[in-house]
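Enquirer: Quick one: the structure is below, and I'll ask about it shortly.
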Amino acid sequence: HRDPSAEISVGDILNHPALIQTQTWSLTGGEPLLQASFIKKLLAGCSRKILLETNGTLPEAFSSIRELVDVVSMDLKPEAGLLDKQIEFARLACCRELYFKLVITAESSLDELLEYLDFFKGFSRCLFVLQPEFSAFSDTLRKALMLHDSVQVKFPRVRIIPQVHKWMGVK
């Protein structure tokens, strides 16, 4: 078994038996773009389809690997101070297959979410996923259902997909 604190090389990943025959890779966990230089080395010459899961707050890092990524899954975070970076990121990512995800929490205000989503109306061709938070699922699902029709006016491709990994107990 490998020491979990040991560094992993590009070769370790590319030669891992589980990945050799995999056609699609998903880059996720924490914020992958914090490792943009490693990702660039990893994906150089890679022929696999690449999905990047990101919070969309590091547009500069994304621009360095944009051409290596096929699909971008961008988690929208309505926290203060992130909006400008997220919009800049979305503008860079819309040349790839881009979809947005928004987690609906028990604390989510529908009016505030709709106001926040207004900033992304220029990306109406993108898929938009509403994710009811699992810990308060009945409340958050109800909110997602109420939000769905309003969001669909601006984003015709809206879906509600629960946080399945949490149902399964996967962190």
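The values are calculated or read from the model by the stated rules, or taken from the named source; none is laboratory data. Worth saying up front: this structure is predicted, and the values here are computed from it rather than measured. Cβ sites come from the backbone with ideal geometry, for glycine too, and all protein chains shown count toward neighbours. Heads up: the accessible areas ignore ligands, DNA and RNA and are worked out on the full protein's heavy atoms, side chains in. Shrake-Rupley method; radii C 1.70, N 1.55, O 1.52, S 1.80 Å.
Enquirer: Cβ contacts < 7 Å: first residue under 15 Å from LEU43 (Cβ atoms), restricted to segment 1-19; second residue modelled with pLDDT of 70 or more and not β-branched (Val, Ile, Thr), any location; separation 6+ or different chain. Result?
Expert: Correct list of pairs: VAL10/LYS41; VAL10/LEU42; ILE13/LEU42.
Enquirer: Determine which member of the set ALA36, ALA61, ALA44, ALA90 is without any contact (Cβ under 8 Å) to a residue 40 or more places away in the chain, aliphatic (A, V, I, L, M) and under 22 Å from LEU114 (Cα atoms).
Expert: Only one candidate qualifies: ALA90.
Enquirer: Residues of segment 145-155 being farther than 22 Å from VAL72 by Cα and crowded, with 20+ Cβ neighbours inside 10 Å, which ones? Break it down stepwise before answering.
Expert: Keep residues of segment 145-155 that are farther than 22 Å from VAL72 by Cα, which gives 145-147, 149-150, 153.
Selection gives LEU147 alone.
Enquirer: Tell me which residues, restricted to segment 115-129, are aliphatic (A, V, I, L, M) and outside any helix (DSSP H, G or I). Please lay out each step first, then the result.
Expert: Just the residues of segment 115-129 that are aliphatic (A, V, I, L, M), to begin with: 117, 127, 129.
Result: LEU127, VAL129.
Enquirer: To continue, here is another question. Pairs under 6 Å by beta carbon, first residue under 17 Å from ASN55 (Cα atoms) in segment 96-122, partner of a type in the set (Lys, Arg), six or more apart or different chains?
Expert: ILE104/LYS143
Enquirer: Collect the residues in segment 115-142 that are of a type outside the set (A, V, I, L, M), touching a strand residue (DSSP E or B) at 6+ places or on another chain (Cβ under 6 Å) and open to solvent by 40 Å² or more (accessible area, probe 1.4 Å), keeping them in residue-number order.
Expert: GLU133
Enquirer: Being farther than 30 Å from SER47 by Cβ, of a type outside the set (Asp, Glu) and in contact (Cβ under 8 Å) with a residue 12 or more places away in the chain narrows it down to one of ALA144, ALA80, so name that one.
Expert: Selected residue: ALA144, the only one of ALA144, ALA80 that is farther than 30 Å from SER47 by Cβ, of a type outside the set (Asp, Glu) and in contact (Cβ under 8 Å) with a residue 12 or more places away in the chain.
Enquirer: Can you name every residue in segment 156-171 that is modelled with pLDDT under 90 and open to solvent by less than 80 Å² (accessible area, probe 1.4 Å)?
Expert: Hits for segment 156-171 are PRO162, GLN163, VAL164, HIS165, GLY169, VAL170.
Enquirer: Additional query: Could you grab me the full set of residues in segment 114-153 that are among the acidic types (Asp, Glu), closer than 29 Å to ARG91 by Cβ and more than 18 Å from the chain's Cα centre (by Cα)?
Expert: Those that are among the acidic types (Asp, Glu), closer than 29 Å to ARG91 by Cβ and more than 18 Å from the chain's Cα centre (by Cα): GLU115, ASP118, ASP149.
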